[in-house]
Structures are given as C-alpha cells and as structure tokens.
Amino acid sequence: MATAAAPSELDPDKQLSSGHVPEPIERYFQVSLFLLLITGFITLAGTGKLDPVSMVFVLGALALRAVHIFQKKQFVIPERWTTAFTLVYVLVYAVDYFFISRDFVSATVHLVLFGMVVKVFSVHRDRDLLYLGVLAFLMVLAASVLTVNTIFLGGFAVFLLVAIATFTSFEMRRAASATGSIQSSSAEPSRQRPGIARLNRALSRTALALTATILLGATVLFFLLPRISGGYLGSFTRGSDPVSGFRDNIQLGGIGRIQQSTQVVMHLQINGDHSAFDGKLRGTVLSRFDGKSWADTPRYMNILSSRVGRYDISTETLAADPYLERVSGSRISQMMTYRILMEPTLSTVLFLAKGTLEFEGNFRQIAYDSAQSYINLDGSRPTNAYWGVTNITPPDPAALRATGADYPEPIAVRYLQLPELDRRIPELARAVTAKASTPYDKAQAVENYLQQNYGYTLELPAVTPADPLANFLFERRQGHCEYFASAMAVMLRTLGIPTRVATGFRGGEYNDLTGSYIVRGRDAHAWVEVFFPNQGWVSFDPTAYAPAQEPSLVGRLRLYADAMNEFWHEWVVNYDFAHQRTLTASLTTQSVEGGVSVRAWLAHIYQKLLQNARGAQRSFAQSPQRQSRWAVGVIICLLLLVLSPRLYAFWKIHTLVQNPQSAPEAAASLWYARATKHLARYGWRKQPSQTPAEFLSTVDHAAIREVLELFTEHYEHARFGHSVSSATQLPDLFARLKAHDQAK
C-alpha cells in the first residue's frame with residue numbers, strides 16, 4: 001500500500017529542512033505536533049459522535065506514527081499515491097454524504113480524519129507540517145459543532161497549550177533552517193541531553209504561560225463583550241437524540257427506545273412548595289390512533305409574539321379555544337415557579353408543566369394549539385432556558401364526578417376516534433368499569449387495573465406484532481409507558497370518554513449540589529389526559545412504576561460531573577445579556593460590600609496600631625533603658641532579616657567551593673572567577689570578550705602561566721565535561737597559583 005523511504009532518499013526539492021535544525025528543536029517539534037493531532041482527535045472522540053470504524057482506523061494510524069517517532073523512523077507515502085487517495089476519497093465523500101452518514105457534519109468529519117491520516121504519512125515539505133496543524137484545528141472545530149459539553153473545554157485548553165508549543169517550535173525550526181544552523185552531533189551525548197532537557201523545559205514553561213494568559217484574557221472578554229443569540233455553526237448541530245423523538249407522531253415502542261438512553265436532556269429547578277407536583281413536563285399531545293401509532297390531528301396553530309419573551313397564556317389560550325382547561329377561579333390555591341435548562345438541541349418543543357399560567361424565555365414568537373402544545377418559532381434563539389409559573393392545585397374529585405357525559409361536538413369528534421380494534425379490548429373495558437358509574441370513576445378503574453395487573457419493561461418484542469395493543473393487553477402483559485397510555489386511552493374511548501395521549505418527561509434524579517432535577521432520556525414518558533365538561537383535561541398515569549435504583553458511589557461522582565456541566569451550560573453556553581446583567585449586579589453588590597468591609601478592617605487596624613503606639617510611648621517614658629534594649633534587639637532582627645538572602649547565598653557559595661564534587665560545573669565557574677580576580681591584582685585582568693585560552697596567552701610570567709594553564713585545563717573539563725576529579729583539583733591549583741603570585 002505504501003513504501004518507506006528515508007529523508008535522504010527523497011528528491012532534493014521535496015526534502016524537509018530538518019537537516020539544518022538542531023536536534024533538540026526538531027525532536028521537540030515532532031513530538032508536540034504529534035501531540036497536537038492526538039489532542040484534536042481525543043477532543044473530537046470525546047463528543048461521543050464518532051462511529052467505531054473511524055475510531056479504530058484513526059487510532060491505528062496514530063499508534064503506528066507513535067512507534068515511528070519513538071524509533072526515530074520516517075515512513076513516507078509517495079506523492080503520486082497521496083494524490084490518488086485524495087481523488088478517490090472525493091467519490092467516497094459523496095457516497096458518505098448521500099447514502100451512509102446522510103449528514104454534512106459527519107461526512108465532513110470523516111473527510112478531515114481521512115486527510116489527517118494520509119497527511120501524517122505523506123510529509124514531503126514544510127508546508128505539509130502546517131497542513132497537519134490545520135487538520136488538528138479542524139478536528140477541534142468539528143468537536144465544537146458536535147457538542148458543548150465541559151469535556152470540550154478541557155480538550156480545548158490542552159489543545160491550545162500543545163498548539164502554542166507546536167507553532168513556537170515550528171518558528172524556531174524554520175528560523176534555524178533559514179540561518180543554516182548546524183545540527184548537534186550525536187557523538188556528544190553529554191552536551192546534547194542537558195540541552196534537550198533545558199529547551200524542553202523552557203518551551204513548555206513558555207507555552208504554559210501563554211496558554212494561561214490567553215485563557216484568562218478570553219474568559220474576561222467572554223463575560224464582558226455583548227451577547228448575541230444563536231451562531232452560524234449552531235445550524236449544523238444535530239441536537240439531542242432523546243428530544244428528537246417528540247414529534248407529531250409516535251410508534252408504539254418509540255418512547256421505549258428513547259428510554260434506553262442515559263443522555264441528559266434538561267435540568268428542572270423548582271422554587272417553593274411542590275408537594276402536589278406530579279413531576280410531568282408535557283411536550284406534545286397526540287389524538288389520532290391508527291392501531292400502531294399515535295399522530296397529531298391537523299389543527300390550527302395560533303401565534304403569540306413578545307419583545308421581552310414573556311407570555312401570559314392563562315387568558316390568551318382560553319380566548320383561542322373555549323374547551324381548554326379552566327386555570328382561573330377559586331381552584332387556584334397552590335402555585336409553583338419552575339425553570340428549565342435544556343441541553344443543546346434542535347428541538348423547538350417547549351416542555352411545560354400542566355396548568356402553566358405564564359412562561360418566559362429567550363424567544364420572541366411561539367405557536368400553540370388547542371391542546372396547549374407550544375413551539376418556539378424564533379429560529380435565531382434556540383430553546384435553551386425558560387421559566388414558568390403553574391397552578392399545581394389538584395383537581396376536585398367531587399367536581400369531576402358531577403360533570404356528566406355531555407361532551408361538546410368538537411371534542412367528541414376529535415377525541416373519540418378509533419380504528420378497527422380487537423373485539424376483546426372493548427369487552428375488557430366494560431368488564432373493568434362495570435362497577436363504576438361516572439366517567440371519572442371509570443377512568444380511575446382503568447388506571448388502577450393497568451397499574452396492578454401489568455408489568456413494566458423496556459424490552460421490545462423481537463418481532464413487531466400485527467396488533468401491538470392487543471398483544472400487550474392479552475399476551476405479553478408487560479411493556480413501557482406508551483403501551484399503558486395507549487391501552488387506557490383506547491379503552492376509555494370505547495366507553496365514549498374523550499381521551500388523548502400526552503408525551504414528555506416525568507421525574508428525574510435530584511442533584512443536591514445544584515438543587516435541580518436531572519432529566520435524562522430514560523425519563524421520557526407518556527400518559528393520558530381525560531376530558532371532563534366544565535373542568536377541562538385531567539391527567540391520569542396508568543403506567544406501573546419501575547423499582548427505584550439504589551444510589552452508589554459512581555452515581556455520586558456523576559452528580560458532581562453533572563453539577564459542573566450544568567454550570568457550564570448556564571454561564572457559558574447560555575450566557576446572554578440577562579446573565580451579564582445578573583453578573584454585573586452581583587459584582588457591584590459584592591464590590592460595595594467588600595469595600596465597606598475593607599474600610600472597616602483598615603479603620604480597626606489603624607485604631608489598634610494607634611493604641612499600641614501610645615502604649616509603647618508610655619512604656620518608654622517609664623523605663624527608657626529597658627525599651628532601648630528592646631529597640632536594639634528589634635533593629636538587629638530586622639537587619640538579619642534583610643541580610644538573610646545574602647547570607648544564605650554566601651553560605652551556599654562557600655559550601656559549593658569547599659565541596660566542588662557536589663556540582664562540578666558551578667564549582668568550576670566559582671574557582672575560575674576567584675583565579676581571574678586574584679590575577680587582576682597583579683596586572684593580568686581578563687576582559688569579558690576573552691576566552692580562557694586567550695587570557696592565558698596574556699600572562700607573561702612563565703611559572704604562573706604554567707600553573708594557570710593546568711588550572712584552565714581542569715576548569716574546562718569540570719565546566720563543560722562534568723568532570724568531578726578535575727573540579728576537586730581546582731582548590732589545590734588555586735593555592736599553587738597564589739603561592740607563585742606571592743613569590744613574584
């Protein structure tokens with residue numbers, strides 16, 4: 001498939017410039033560039049959107065490249081093969097986009113990964129190295145499109161660090177090549193290894209400092225710059241799969257597939273007493289059943305617009321349809337305020353608690369229908385965060401029993417529709433409700449019957465039965481929520497009671513760290529709403545509850561991760577002008593309070609110092625000799641404190657001079673400095689521009705020059721060759737040098 005070739009075997013016009021680059025710089029650049037590719041790929045893989053084939057293909061290629069770097073080998077695909085691969089993949093990209101991935105982002109990600117793998121093994125020129133850096137950046141860019149999780153923040157920070165190190169070393173590499181620097185010889189490992197280590201540390205510290213500065217500056221700018229909603233790249237995101245299941249129709253078993261997911265869909269925060277809240281957040285309402293699926297009856301959508309994003313739906317929706325639930329009057333006695341923070345998704349459905357009177361969000365236009373389903377029509381503002389006020393007062397059973405069965409014609413036509421059913425279904429409905437006299441009692445009887453006689457499971461049938469509802473009621477006798485809801489709705493319709501199926505989410509895991517409920521895909525739910533004249537729609541939930549799971553250590557750690565992720569979405573992903581205003585007000589309040597506290601603290605310190613000064617004055621007046629001794633002691637301590645760095649440096653130098661074997665290089669420098677300083681007293685002054693050999697030639701005294709020549713030889717061995725034996729001989733040679741000077 002490919003051929004291996006050493007750099008020297010390539011054509012001259014295709015060779016890289018590494019032959020003139022010092023080995024430490026070249027080695028650091030190659031490693032940092034490879035780490036840049038690894039970081040970009042890990043950031044992309046961390047989104048969870050890569051398919052297994054891509055993961056295995058890229059990881060295998062990167063592992064092979066890591067082996068080559070470790071073994072200092074060069075594996076290069078011929079340029080003509082690279083061109084052929086590129087042309088072939090143009091066709092593969094079209095096939096991937098139209099038939100395999102069927103998604104622009106996924107197909108483009110596959111293109112970037114393929115280009116990166118090919119380019120890793122086809123580096124012929126310096127510009128190919130820059131192409132690899134660009135491909136690594138494209139992987140991070142793709143990750144930013146596919147997710148906005150906190151994992152991306154960590155990956156991007158590491159990528160930024162490695163990118164700075166890579167491009168800094170690349171610029172050093174290019175400059176060294178341009179000036180024709182000579183590469184360090186491999187025959188001098190004693191000098192090469194310390195040079196590599198020092199260069200690595202210096203570049204790493206520089207990259208770390210630059211990264212910290214950039215991230216700090218970017219954070220400040222992010223929180224200070226004005227906010228805009230939406231984004232160009234946001235239009236390519238695929239959204240959250242669990243939410244995408246709530247559309248205008250649902251197959252029996254569809255919500256069960258959603259419940260297989262543990263992906264977080266939203267966070268629910270509740271203020272005040274919510275003991276009467278049933279935990280349900282409704283998204284859509286379905287009314288037409290064909291025996292296998294529920295669909296939404298075509299209906300007229302009403303439009304509400306608002307400049308501030310606040311909607312009072314208690315009066316607007318009632319005016320649009322007189323058969324909606326009455327949410328005003330004497331029954332409003334228990335109110336609840338809640339807030340929903342959605343994960344990034346393309347869904348436009350608003351999930352609201354039943355009985356919501358008003359809600360507010362970062363959108364200016366919504367649509368709603370007679371079933372109180374709401375859709376965000378503002379395409380420039382995603383459905384990410386909104387709050388609502390709802391009436392959670394439970395219905396009055398006595399009032400529901402007294403409503404009777406005089407249903408308005410539009411309600412009866414729309415919500416009593418039935419397909420051809422198994423004859424056992426209406427028979428079962430009549431048998432279950434034989435002792436019930438009112439529609440409310442019949443609804444309760446069917447709800448209790450299904451809860452007590454059927455089991456809950458997420459396992460789907462291996463083969464979809466011809467009549468899923470009959471199969472659930474009379475054969476499997478177990479299923480998930482939409483089977484329970486469909487059974488109750490259909491059974492009540494056979495009794496002439498209008499019903500509909502509501503879909504959304506129920507419950508969630510409470511996170512005591514943030515005070516919010518974590519709603520996941522597995523919390524997707526379907527239930528039944530029954531119509532009562534003059535009372536509206538009332539919710540019933542016939543689903544048998546699954547047993548609760550015991551909390552574990554892993555679950556606790558997951559709560560900490562979710563708390564961090566919720567903070568990320570709240571203050572980074574959804575950061576807007578409202579958050580800026582809140583943050584500014586909070587900072588202003590804290591600044592004022594902090595200023596008052598600091599001023600009070602300084603006043604307290606001033607008063608305390610003033611009292612101490614007055615006390616010292618009185619004490620000095622009473623006993624001047626004793627206070628003078630204290631003053632002298634304090635002055636001595638202050639002098640010792642000021643001089644302690646110099647004393648420590650003097651002690652360290654003295655110790656090093658007396659024990660040169662502990663650090664031969666430093667000890668040699670100190671002894672040579674002493675020798676040149678001593679010779680300067682007798683007229684032989686070493687100039688800064690002179691080398692030790694040049695200075696030696698200026699000494700015209702034969703005996704002194706002989707000793708100095710031997711001293712210089714041992715100095716160079718210790719200073720540049722790390723020779724311990726030479727360093728230990730320097731004190732004796734210095735003594736001999738002093739003896740000759742004195743004799744002179």
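Going by the structure shown, is THR403 among the hydroxyl-bearing types (Ser, Thr, Tyr), touching a residue at least 60 places away in the same chain (Cβ under 8 Å) and over 30 Å from GLY272 (Cα atoms)?
Numbers: among the hydroxyl-bearing types (Ser, Thr, Tyr): yes; touching a residue at least 60 places away in the same chain (Cβ under 8 Å): yes; over 30 Å from GLY272 (Cα atoms): yes.
Answer is yes for this residue.
Say whether the condition of being under 20 Å from VAL528 (Cβ atoms) and either of a type in the set (Val, Ile, Thr) or out of contact with any Gly (no Cβ under 9 Å at 6 or more places or on another chain) (or both) is met by at least one residue in segment 457-466.
yes
Name the residues in segment 432-457 that are of a type in the set (A, V, I, L, M, F, W, C) and closer than 12 Å to THR543 by Cβ, would you? I'd like the intermediate steps shown before the answer.
Taking segment 432-457 first, the residues of a type in the set (A, V, I, L, M, F, W, C) are 432, 434, 436, 443, 445-446, 450.
Of everything in segment 432-457, just one residue is of a type in the set (A, V, I, L, M, F, W, C) and closer than 12 Å to THR543 by Cβ, namely LEU450.
If the requirement is being in the same structural domain as ALA371 (by TED's automatic domain parsing), of a type in the set (D, E, K, R), at pLDDT below 90 and surrounded by fewer than 21 Cβ atoms within 10 Å (Cβ to Cβ), which of these qualifies: GLU475, GLU459? Step through it out loud before you land on a result.
Numbers: GLU475 fails: at pLDDT below 90.
Sole residue among the options that is in the same structural domain as ALA371 (by TED's automatic domain parsing), of a type in the set (D, E, K, R), at pLDDT below 90 and surrounded by fewer than 21 Cβ atoms within 10 Å (Cβ to Cβ): GLU459.
For segment 269-277, check the following and say yes or no: at least one residue is surrounded by fewer than 16 Cβ atoms within 10 Å (Cβ to Cβ), modelled with pLDDT under 85 and either among the acidic types (Asp, Glu) or farther than 29 Å from TYR510 by Cβ (or both).
There is at least one residue in segment 269-277 that is surrounded by fewer than 16 Cβ atoms within 10 Å (Cβ to Cβ), modelled with pLDDT under 85 and either among the acidic types (Asp, Glu) or farther than 29 Å from TYR510 by Cβ (or both).
Is one or more of the residues making up segment 99-107 in contact (Cβ under 8 Å) with a residue 40 or more places away in the chain and of a type in the set (Val, Ile, Thr)? Steps first, answer last, please.
Just the residues of segment 99-107 that are in contact (Cβ under 8 Å) with a residue 40 or more places away in the chain, to begin with: 103-106.
Then drop every residue that is not of a type in the set (Val, Ile, Thr), which leaves 105.
Within segment 99-107, one or more residues are in contact (Cβ under 8 Å) with a residue 40 or more places away in the chain and of a type in the set (Val, Ile, Thr).
If you take the residues in segment 488-544 that are part of a loop (DSSP other than H, G, I, E, B) and of a type in the set (Val, Ile, Thr), which one is nearest to the chain's Cα centre (by Cα)?
Initially, segment 488-544 is screened for residues part of a loop (DSSP other than H, G, I, E, B), giving 495-498, 507-508, 512-515, 533-535, 541-544.
Subset that is of a type in the set (Val, Ile, Thr): 497, 514, 543.
On the way: ILE497: 50, THR514: 18, THR543: 36 Å.
Looking at residues that are part of a loop (DSSP other than H, G, I, E, B) and of a type in the set (Val, Ile, Thr), I get THR514.
Within the bounds of segment 689-703, is there any residue that is within 14 Å of GLU665 (Cα to Cα), crowded, with 16+ Cβ neighbours inside 10 Å and aliphatic (A, V, I, L, M)? Steps first, please.
Keep residues of segment 689-703 that are within 14 Å of GLU665 (Cα to Cα), which gives none.
Within segment 689-703, not a single residue is within 14 Å of GLU665 (Cα to Cα), crowded, with 16+ Cβ neighbours inside 10 Å and aliphatic (A, V, I, L, M).
LEU141 - would you say it is in contact with a helix residue (DSSP H, G or I) (Cβ under 9 Å, 6 or more places away or on another chain) and more than 30 Å from MET342 (Cβ to Cβ)? Before the answer, list the steps.
Numbers: in contact with a helix residue (DSSP H, G or I) (Cβ under 9 Å, 6 or more places away or on another chain): yes; more than 30 Å from MET342 (Cβ to Cβ): no.
So LEU141 fails the test.
Working only within segment 22-54, note down all residues that are exposed (fewer than 14 other Cβ atoms within 10 Å of the Cβ) and without any contact (Cβ under 8 Å) to a residue 60 or more places away in the chain. Outline the logic, then answer.
We begin by selecting, within segment 22-54, every residue exposed (fewer than 14 other Cβ atoms within 10 Å of the Cβ); these are 48, 51-53.
The answer is ASP51, PRO52, VAL53.
So which of LEU91, LEU64, LEU16, LEU50 is modelled with pLDDT of 85 or more and touching a Leu at 6+ places or on another chain (Cβ under 9 Å)?
Numbers: LEU91 fails: touching a Leu at 6+ places or on another chain (Cβ under 9 Å); LEU64 fails: touching a Leu at 6+ places or on another chain (Cβ under 9 Å); LEU16 fails: modelled with pLDDT of 85 or more.
Testing whether each residue is modelled with pLDDT of 85 or more and touching a Leu at 6+ places or on another chain (Cβ under 9 Å) leaves just LEU50.
Could you count how many residues in segment 498-517 are touching a strand residue (DSSP E or B) at 6+ places or on another chain (Cβ under 6 Å) and either over 24 Å from GLY479 (Cα atoms) or among the small types (Gly, Ala, Ser) (or both)?
Applying the first criterion (touching a strand residue (DSSP E or B) at 6+ places or on another chain (Cβ under 6 Å)) to segment 498-517 yields 498-506, 508-511, 516-517.
Filter once more, so that each one left must be either over 24 Å from GLY479 (Cα atoms) or among the small types (Gly, Ala, Ser) (or both): 502, 504, 508, 510-511, 516-517.
Residues meeting the conditions: 7.
The values are calculated or read from the model by the stated rules, or taken from the named source; none is laboratory data. Bear in mind the structure is a predicted one, so any value in this text is a computation, not a measurement. Here the Cβ is made from the backbone with ideal geometry for all residues, glycine too, and neighbour counts use every protein chain on show.
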